[in-house]
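Some notes on the structure that comes next.
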Amino acid sequence: MDTTRRTVLGIAAAATAATALGTFRAAKAQNAGGIAQFNRRDVNTLDPDDPILTTYHDAVKAMRALPEDNPRSWEHQAKIHNRYCPHGNWFFLPWHRAYLAQFEGIIREISGNTDWALPYWDWTRNPQIPAPFWESGSALNHARSANSTTNMPREYVGEDVIEAIMLKSNFEDFASFKASAPYNGTGGGQATLEARPHNRVHGAIGGDMSSYFSPRDAIFWLHHGNIDRIWASWNAGGNANTNDSDLTSFLFSASQRDRDGNVNASQFVGPNGSPIEYTVADLYSTQQMGYAYDRLETTVPNTFIFAAQNLALQSATQEVLGRDINRTVNAGVPLETAITITSALTQSVAETGRVQALSRIAALQPVSLPKLSTATLVARGLKTPKDPDATIRVFLNCDYLTLETPISDPHYVGSAAFFLAGGHAGTGHDHNQGATYRFDLTEAVDALRRSGRTISEQIRPQILAIGADGKGTELAIDGSFELIIKTVG
Ligand code: C2O
């Protein structure tokens, strides 16, 4: 069977079809003047009968009524996500920004409300799913495992979590890191914004929100509006996105193969139903795309970051200490490994952690440490537990770790949730190749030193899995633990 040739022909046919339909390359010139035309507002500040909400409701209802093969239909829009959404790598933020923008365009067109902008749901301020999404018979209501009084957990969406995310100075530490392709590529992994609030809100809502068909639930779009707003806030705070051309010049094209290798002659859909394409660089500025948020997150000026950036210009070294692990641990038992480093390096990491922690509380005088060293754990190949609602907590060098150990313990590092890390709907196979997560250990090393626990030469990261019932659950890894020590100065 000449499958290669068939595939090539398939692409050509799809490309032609897309051109015939008039594929529109989204241009940043759309808003060259630089004044945002569309204002995305906090849903919790809107009256239930605000035109933003009534327009949204009516448009969703109309999209639900369209036949599935109409590109603007509700089900087709959800299929785009199931087929193409990148998770666990740095395509995550720009792809979802494009996805929201094309959706917003469709709603403006369908509703005739030409200045409509998608509202966002700030789950940090308002941790319950907003009331309009619970009205019986409403197109905004949906079957969920959460109910109207379920709070998104503070451990995942709390102010301190968002603040720590906002203080990341590197694009890849902020949300997700580099991979060769949006899916089925090599590399990639999740940093805090994706692994923590993003994944957990999907899981805590449940129903379709726990799957790649999550956009079937109208709250999906407002959840991602908030993820997008945090990204815009981070940029507004002076942090630049990566300028690596592997990302910036990537085109989300109409003829891109989907996750299963098929060409569907469409990815994103323009207002009139024709394909629309986006290059990542054109998705970097919300202002150039024509929209703004009514409120951005801000943080105190971070002198640690400024110092690190200045020092980074001088010199940077990186040491990677790896351990391959293929292991399954029983419920309640942490997955762990000990990695030996020099005590001088531990000392340097601890001092950096102290400055990092202090700079979150107050603006410091610019720091001039001789060296700044950060320690990062990258856990690769962590299998999604059987309980899809399971979460993980990471601790460091804790001799008494159990499921009862609170997250206020000085050994605590951070938490993460799974979002179908390995698999998605629509294939019959087990795609559980595991997920990759990145955790910053720097402040925890300092917290341990300050509380008198000596960890001079042994860094021992521990991962504990917790099921939906709060009890422990089995956890497996077929990959590695890597300790990355980065020193600048
Ligand atoms: Cu691609 Cu939060 O979903």
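Take the Cα radius of gyration of the range 135-247 and divide it by 2.2 N^0.38 Å, N being the number of residues; the result is 1.18. In a Debye calculation with equal point scatterers on the alpha-carbon sites of the range 70-115 and no solvent, what is log10 I(q)/I(0) at q = 0.23 Å⁻¹? Normalising to I(0) and taking log10 leaves -0.83.
Please give me the summed charge of the neighbours of Ser148: other residues whose Cβ is under 15 Å from its Cβ, Lys and Arg +1, Asp and Glu -1.
Here the count lands on -1.
Quickly rank 77-86, 324-333 as a protection proxy: mean count of other C-beta atoms within 10 Å, highest first. Numbers along the way, then the final one.
Details: 77-86: 20.7, 324-333: 14.2.
In decreasing order of mean packing, 77-86, 324-333 become 77-86, 324-333.
Between Phe38 and Tyr291, Ala292, the built amide H atoms are under 5 Å apart, and every one of these is 5 or more places off in sequence or on another chain.
Roughly speaking, what is the centre-to-centre gap between the range 160-179 and the range 53-104 when only Cα atoms are used, to the nearest Å? Taking the Cα centre of the range 53-104 as reference, the centre of the range 160-179 is 26 Å away.
Remark: the range 142-155, residue by residue, has Karplus-estimated 3J(HN,Hα) of 7, 5, 9, 7, 6, 10, 5, 10, 6, 8, 5, x, 4, 4 Hz, where x stands for each Gly or Pro and the curve is 6.51 cos²θ - 1.76 cosθ + 1.60 at θ = phi - 60°.
What net charge do the residues around Leu372 carry, taking every other residue with its C-beta under 12 Å from that of Leu372, with Lys and Arg at +1 and Asp and Glu at -1? It would help to have the intermediate numbers written out before the result.
Values: positive: Arg354, Lys371, Lys486; negative: Glu351.
Residues close to Leu372 contribute a combined charge of +2.
Taking a ≥ b ≥ c as the square roots of the eigenvalues of the alpha-carbon gyration tensor, the range 161-214 is classed oblate because a/c is 1.5 or more while a/b is no larger than b/c. Taking amide H as placed 1.01 Å from N in the peptide plane, Gly414 has its amide H under 5 Å from the amide H of Val394, each at least 5 places away in sequence or on another chain.
Express in nm, to one decimal, how much length is gained between Leu358 and Val320 on full extension, taking 0.36 nm for each residue of separation and deducting their alpha carbon distance.
Working: separation 38, 0.36 × 38 = 13.68 nm, distance 2.67 nm.
Residue separation times 0.36 nm, minus the Cα-Cα distance, leaves 11.0 nm.
Karplus-based coupling profile of the range 283-296, in residue order and whole Hz: 9, 6, 10, 5, 4, 5, 7, x, 9, 9, 9, 6, 8, 10, with θ = phi - 60° in 6.51 cos²θ - 1.76 cosθ + 1.60 and x standing for Gly or Pro. Distant-in-sequence amide contacts of Val269, defined by a placed amide H-H separation under 5 Å and a gap of 5 or more residues or a different chain, comprise Ile276. 3J(HN,Hα) along the range 262-275, derived from phi through the Karplus expression 6.51 cos²θ - 1.76 cosθ + 1.60 where θ = phi - 60°, amounts to 8, 10, 9, 6, 5, 10, 7, 10, x, x, 8, x, 7, x Hz, with x in place of Gly and Pro. Electrostatic tally near Ser415: other residues with Cβ closer than 14 Å to its Cβ, Lys and Arg +1, Asp and Glu -1, net -1.
No lab work stands behind these numbers, since they all come straight from the coordinates. Remember, it's a predicted structure, so these values are computed and weren't measured experimentally. All Cβ positions, even for glycine, are placed from backbone atoms using ideal geometry, and neighbour counts span all protein chains on display.
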